[in-house]
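This report concerns only the one structure given below.
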Amino acid sequence: MVEYIALYGAKIPVIGFGTWDIRGKEGEKAVLNALSLGYRHIDTAEFYDNEEQVGSAIRKSGVPRGDIFLTTKVWYTHLRREDVRKSCEESLRKLQTDYVDLYLIHWPTESVPLEETIGAMEKLREEGKIRFLGVSNFDVPLLEKASQLASSPILTDQVECHPYLTQRDLLSYCQAKNIILTAYSPLARGRLLGDPVLMRIGKKYGKSPNQVALRWLIQRGMVVAIPKAQSVQHQRENLEIFDFALTPEEMEEIDRLDRGEKVASRL
Ligand SMILES: NC(=O)c1ccc[n+]([C@@H]2O[C@H](COP(=O)([O-])OP(=O)(O)OC[C@H]3O[C@@H](n4cnc5c(N)ncnc54)[C@H](OP(=O)(O)O)[C@@H]3O)[C@@H](O)[C@H]2O)c1
């Protein structure tokens, strides 16, 4: 089954289910199916406009809430103290839950002091509405600042990360500071499928280039990945990465595919 990282008393499954662009009845069905396949880590955001579907899929699944690691995010236009509270409470209402496991600042902004946003999140944590604080799209200096401002650990920095954008320096920092790097767009939105290196390595193990990329991500240490898949076949494939291991040489070969290529926009 899905492996997890144990940190600060939490168990974070290393493969989560990304839900960008999963909406409506079909979206609910996709999340429900992911839960039935064994996904226990779900990534959503107020901006995705699907928290209601995610919440209702969780309820219908019958999986106990405590078995699911649930993340949502506050949008960058809602980072004032009172807006953070309003957004969080609205997310909880839509998700039909009393708490989220992880609450992320979706994107940094210069228009609100970071201490104000972190302070608001800390208060929500004290009230039990958030188990852990995190950030997204933060570079090393901003992540360091967030860690200094928070009195509880910053559990993760969620950033775009895949073989064409390895985030080597940020990951080294995270590993040194016990912060999880959550890799979004881990499949580079389909761009890895024809990659000759990933194809050759995959052939050896009977795995697809996407599976090799996910395996490489989670084998790096302190990395979790949140691939999005509407298709059941893709959902299943993305979980089938725990029955093989890449060699140190293969890991390095994939490290060398880095070309600083970003595929995601502001999502
Ligand atoms: N924090 C942020 O700013 C931010 C930004 C971007 C994304 N995210 C999060 O990260 C999640 C994942 O990123 P993403 O959606 O940008 O991209 P992604 O996971 O890299 O790629 C998703 C695409 O790959 C396809 N796919 C999935 N598994 C596959 C497989 N095994 N074989 C072939 N194709 C496969 C999906 O198709 P189907 O859907 O048709 O199955 C979909 O078109 C998002 O859903 C969101 O939760 C966060």
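The values are calculated or read from the model by the stated rules, or taken from the named source; none is laboratory data. No experiment lies behind these values; they were computed from the predicted model shown. For neighbour counting, all protein chains shown are included, and Cβ atoms are generated from backbone atoms with ideal geometry for every residue, glycine included.
Quick look at the values:
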quantity: The stretch 189-209, subset surrounded by fewer than 20 Cβ atoms within 10 Å (Cβ to Cβ) and basic (Lys, Arg), residue nearest to His234 (Cα to Cα); calculated: Arg189
quantity: Those residues of the stretch 222-256 which are in contact with a strand residue (DSSP E or B) (Cβ under 9 Å, 6 or more places away or on another chain) and more than 30 Å from Lys29 (Cβ to Cβ), in sequence order; calculated: Met222
quantity: Scan of the stretch 3-12 for residues that are part of a loop (DSSP other than H, G, I, E, B) and either more than 19 Å from Leu102 (Cα to Cα) or without any contact (Cβ under 8 Å) to a residue 12 or more places away in the chain (or both), ordered by number; calculated: Gly9
quantity: Unique match (being touching a residue at least 12 places away in the same chain (Cβ under 8 Å), buried (at least 19 other Cβ atoms within 10 Å of the Cβ) and more than 12 Å from the ligand (Cβ to nearest atom)) among Ile58, Ile15; calculated: Ile58
quantity: Hits in the stretch 172-196 - residues which are basic (Lys, Arg), within 14 Å of the ligand (Cβ to nearest atom) and over 18 Å from Ile15 (Cα atoms); calculated: Arg191
quantity: Any chance Asp169 is among the charged types (D, E, K, R) and within 16 Å of the ligand (Cβ to nearest atom); calculated: no
quantity: Residue match in the stretch 19-37 (condition: within 11 Å of the ligand (Cβ to nearest atom), in a loop (DSSP other than H, G, I, E, B), within 13 Å of the chain's Cα centre (by Cα) and on the phi < 0 side of the Ramachandran plot); calculated: yes
quantity: Condition met for Arg220 (under 24 Å from Trp20 (Cα atoms) and surrounded by 14 or more Cβ atoms within 10 Å (Cβ to Cβ)); calculated: no
quantity: Any hit, the stretch 221-239, residues being of a type outside the set (Val, Ile, Thr), more than 10 Å from the ligand (Cβ to nearest atom) and touching a residue at least 12 places away in the same chain (Cβ under 8 Å); calculated: yes
quantity: Leading residue by the ranking (nearest to the ligand (Cβ to nearest atom)) among those in the stretch 143-166 that are within 20 Å of Ser185 (Cα to Cα) and in contact with a Pro (Cβ under 8 Å, 6 or more places away or on another chain); calculated: His162
quantity: Any chance Lys262 is within 12 Å of the ligand (Cβ to nearest atom), basic (Lys, Arg), more than 23 Å from Ala34 (Cβ to Cβ) and touching a strand residue (DSSP E or B) at 6+ places or on another chain (Cβ under 9 Å); calculated: yes
quantity: Members of the stretch 225-267 found to be exposed (fewer than 15 other Cβ atoms within 10 Å of the Cβ) and of a type in the set (S, T, N, Q), listed by number; calculated: Ser231, Gln233, Thr247, Ser265
quantity: Residue in the stretch 68-86 that is under 21 Å from Gln235 (Cα atoms) and away from the ligand (no atom under 14 Å from the Cβ) present; calculated: yes
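Yes/no matrix, rows are residues, columns are (1) surrounded by 18 or more Cβ atoms within 10 Å (Cβ to Cβ); (2) within 20 Å of the chain's Cα centre (by Cα); (3) at pLDDT 95 or above:
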| position | (1), (2), (3) |
| --- | --- |
| Glu82 | no, no, yes |
| Arg93 | no, no, yes |
| Ile105 | yes, yes, yes |
| Thr156 | yes, yes, yes |
| Arg168 | no, yes, yes |
